[in-house]
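Nothing in this text is a laboratory measurement; each read-out follows from the coordinates by a stated rule. Model, not experiment: these values are computed from the prediction. When we count neighbours, we look across all protein chains shown, and the Cβ atoms used for this are built from the backbone with ideal geometry, even at glycine.
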Amino acid sequence: MAVLVDGNTRVIVQGITGKSGILQTRTLLEYGTRVVAGVTPGKGGTVVEGVPVYDSVADAMKETSPNAAISFVPPMFAKDAAYEAMEAGIGLLVLTMEGIPKHDVLDVLSYARGRGVRVLGPGTAGVISPGKCKLGAHPARMFREGKVGVVSKSGALSYEVGKTLTDAGIGQSTVVALGGGPIWGTNQREIVELFNGDPETEIVVVLGEIGGGTEIAAAEYIGEQVRKPVVSLIVGRAAPEGKSLGHAGAIIRGNKGTAASKMEALERAGAHLATSPAQVVEIIRKLG
Amino acid sequence: MKLYEFQGKALFREAGIPVPGGAVVTAADRTGLFAPSVVKAQVLSGGRGKAGGVLLADTPEEAAKAADTILSMELKGERVQALLVEEKATIRAEYYLAVTFDGEERTPLFMASAAGGMDIETVAERTPEKILKLPVDPLWGLADYKIRAMADFLGYGDRREFAEFVRKMWKLFREKDAVLVEINPLVATDNGLMALDAKIELDDDAGPRQKALFETMSAERRRITGSAAEADTGTITYVPLDGAVGFISDGAGTGMLTLDLIRDFGGEAADFCEMGGLTSPQVMYDAMKAVFTDKPDIKSLLIVLIGGFNRMDEMAEGIVRYLEENPVSVPLVVRLCGTMEEEGKAIMKEAGLPVYDDLRTAVTDAVRFAAGGD
């Protein structure tokens, strides 16, 4: 099972002939992800890392029946590529690029909503279901198969926690990165919902940060619906007010968006609070 | 890119949105001054009215005096370099009207309120029922029934005029790649609706396809205010702080985590410096340069790297090149793991630089070194 991706996920790489596309395709294949095709307009008929390249998603669709796409298409062309993938019938789209114009992102997400397509990102490191499928940048050896579902805004923080869990011998069902915002195709609450319904996920880890209110929305759902143990780590406790810390949305305004307010909401919802990755491990060990 | 009011008004005029007649005045060129008029400081921060940055002038003498007063002001740390002098309007009613986006709801959003002229954040906090928030599907477009809902909420009688006004605002928001178009106040006059203020922010990510617009706005800003546009720092986020532990990360989430851990372990960070998750040796080099330039007195430098899209060989290359060209005497603590980790560690080893694997150990050592330990 796992969520979003598993052994049946058939992937196309959009923008496969670019520098990132080539390097990442190699790491996906090394992991065992079934990359069935690549798409770059004008490069149809070529081959990248053994993967056939097509001019259009529609062509790739006919011959290789993919059901997920990861896009390395440059920001100014990302919207067109996303529409193309969605119209061809792709159900899961991972937008890795940062710097896509906001109106393009809003258009893509409106289109996705209408078609029932799940979009991760933009600006996301993607998702990994260890041992089954990697659809993103997660470094393979920091993850191992197991029962803990992890959702994070930040890609790097999801690696850090994955690495700490894996070093401690605790495996993961799926690890999802959502991106740094300020617009998210998928949020924590939606992934927690998926974990809640996934029989392979026994413990849910919610990684959040200062700014905005998506962690609070996740906490509300957790309080109402989730009976699986939830462990949460919110970073930015020591953050100064009024400064964006690397993610556009990671900013404290007055008393809004503070780590404390989110930790309080999560604790009220019954989540166990950690202040470091090592403490996430300690709590999970105690939960047995 | 945030625009000055006079720039926003120029875009309004071009879009057919009514604004008062007016002229831009600077210390060097005061020919545009007239009376009776409203003399307004041109600054990018909000709350200028409360701070005395808007004055009424009935006579040319009063206008000159108001100009002198405001041109010598500093508002929220921003020197006033230019004024917008406008005709007074006869106001029958004041409203707040804005279009922006809600990233958590993934949608463009109109906000309307009859509490115009007020600080909208205060209104939102104290009396949220006084603000109507209307999401708009960008592909479906701005539906008539939503415009009617806004007009009715504001109690504005001429729905047809209101619809035309709002449609122009929406078109401007979409076509200019704006992330905010705010009118506060929007006023009803005897001749219909008029935008008394204009706050527009353009999407920097759309810069490449709005080249002419961005160039015009930057050039105008330089010419009129004498200030350059914000420097483009690429993907690096740099925030100066007060402590002794210099610090760089290659991810915002791990950056914030490390900031917390530095404090938990008894230290204080000298800065927050984050490079973004897809970066190059040059960016690594530039990040070190940024920290050492701004904080030459740091007692240790902690570099926390965990590569997904980022390549550790490239990060190591950047670190080694910086140190070769700029020898430093403070202890360096580098935690490096992830994509191309072996290659990165080999480069560091060859340069005689130790590498950490565990974040906690790295933070502990960086804090200890900063406190004078060894």
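Which value, in nm² and rounded to one decimal, describes the direction-averaged projected area of the C-alpha convex hull of the stretch A:18-68?
3.3
Just checking the output field for B:257-269: average partner chain Cβ neighbours within 10 Å of each residue's Cβ? If you can, show how the numbers build up before the last one.
Numbers: counts 16, 3, 7, 10, 7, 1, 2, 4, 1, 0, 0, 1, 2.
Shielding by partners across B:257-269 averages 4.
Bin width 5 Å, origin at 0, all Cα-Cα pairs of the stretch A:1-46: what percent of pairs per bin?
5, 21, 28, 23, 13, 7, 2, 0
Rg(Cα) of chain A divided by 2.2 N^0.38 Å?
Ratio of Cα Rg to 2.2 N^0.38 Å: 0.98.
Counting other Cβ atoms within 10 Å, keep those with at most 16, restrict to DSSP loop, and tell me which GluC sites (Glu not before Pro) in the stretch A:221-288 are left.
Hits after loop and neighbour filter: A:241.
Using modelled backbone amide H atoms (1.01 Å from N, in-plane), which distant-in-sequence or interchain residues come within less than 5 Å of residue B:88's amide H?
Under 5 Å from the amide H of residue B:88 lie the amide H atoms of B:38, each far enough along the sequence or on another chain.
Please tell me the relative contact order of the stretch B:119-278 in percent, rounded to the nearest whole number, where contacts are Cα pairs under 8 Å and at least six residues apart. The partial results should precede the final answer.
Details: 163 pairs, mean separation 20.5, N = 160.
Relative contact order here is 13 percent.
Quick one: net charge around residue A:56, please, counting Lys, Arg +1 and Asp, Glu -1 for every other residue with C-beta under 14 Å from its C-beta.
-4
Per Stokes-Einstein, at 37 °C and 0.692 mPa s, what whole-number D in µm² s⁻¹ belongs to the stretch B:21-86, with the Kirkwood radius over Cα pairs as the hydrodynamic radius?
288
Run the quick spin-label model on residue B:119 and residue B:161: label points 7 Å from Cα toward the beta carbon, then report their separation in nm to one decimal.
Distance between the two pseudo-spin positions: 3.2 nm.
Which values of log₁₀ I(q)/I(0), to two decimal places, follow from the Debye formula for the stretch A:29-100 at q = 0.14 Å⁻¹ with a uniform point scatterer at every Cα?
-0.40
On the Cα set of the protein assembly as shown, report Rg and Dmax in Å, please.
Gyration radius and largest Cα-Cα distance of the protein assembly as shown: 26.5, 80 Å.
Running Debye on the stretch A:138-287 with equal point scatterers at the Cα sites and no solvent, what base-10 log of I(q)/I(0) appears at q = 0.11, 0.19, 0.21 Å⁻¹?
-0.36, -1.13, -1.38
Among A:91-97, B:285-291, B:45-51, how do they line up by average Cβ neighbours within 10 Å per residue, starting with the highest?
Put in order of decreasing packing, that is A:91-97, B:285-291, B:45-51.
In percent, how large is the relative contact order of chain B, given Cα pairs closer than 8 Å and 6 or more residues apart?
Relative contact order comes out at 12 percent.
Roughly how tilted is helix A:102-115, in degrees to the nearest 10 and between 0 and 90, from the longest Cα axis of chain A?
Roughly 80 degrees, rounded to the nearest 10.
How long, wide and thick is the stretch B:67-132, going by the Cα atoms along their three principal axes, in whole angstroms, largest first?
Principal extents (largest minus smallest coordinate, Cα): 44, 31, 22 Å.
In peptide A:234-242, how many Cβ atoms from other protein chains are near each Cβ within 10 Å, on average?
If you average over the peptide's residues, the count of other-chain Cβ atoms is 6.
Choose one answer from B:32, B:117, B:251: the residue with the largest mean-square fluctuation in a GNM of chain B with alpha-carbon springs under 10 Å.
B:251
How high is the relative contact order of the stretch A:138-287, in percent, counting Cα pairs under 8 Å that sit 6 or more residues apart?
Reported as a whole number, the value is 23 percent.
What does the helix-only formula give at 222 nm for the protein assembly as shown: each DSSP H stretch with n ≥ 4 adding -39500 (n - 2.57), the total divided by the residues, and the result rounded to the nearest 500 deg cm²/dmol?
Calculated mean residue ellipticity at 222 nm is -11000 deg cm²/dmol.
Apply the a/c threshold of 1.5 to the C-alpha gyration tensor of the stretch A:1-136 and tell me whether it is rounded, prolate or oblate.
In terms of gyration-tensor shape, rounded.
The stretch B:72-197: D in µm²/s via Stokes-Einstein (Kirkwood Rh, Cα pairs, 4 °C, 1.567 mPa s)?
Answer from the Stokes-Einstein relation: 83 µm²/s.
Working from Cα positions, state the angle (0 to 90°, nearest 10) between the long axis of helix A:277-287 and the longest principal axis of chain A.
With rounding to tens, the tilt is 70 degrees.
Measuring from the lowest to the highest alpha carbon on each principal axis, how far does the stretch B:237-370 reach, largest first, in angstroms?
Principal axes ranked by extent give 33, 28, 25 Å for the Cα atoms.
Taking just the C-alpha trace of chain B, give me its Rg and Dmax in Å.
Considering chain B through its Cα atoms, Rg and Dmax are 26.1, 78 Å.
In angstroms, what radius of gyration and Dmax does the stretch B:1-131 have, counting Cα atoms only?
16.3, 51
For the stretch B:182-294, I need the span (max minus min coordinate) of the C-alpha atoms along each principal axis, in Å, sorted largest to smallest.
Projected onto the principal axes, the Cα atoms of the stretch B:182-294 cover 65, 30, 27 Å.
Under the 0.36 nm per residue contour assumption, what length would be gained going from the current alpha-carbon distance of residue B:361 and residue B:175 to full extension?
Difference between extended and current length: 61.8 nm.
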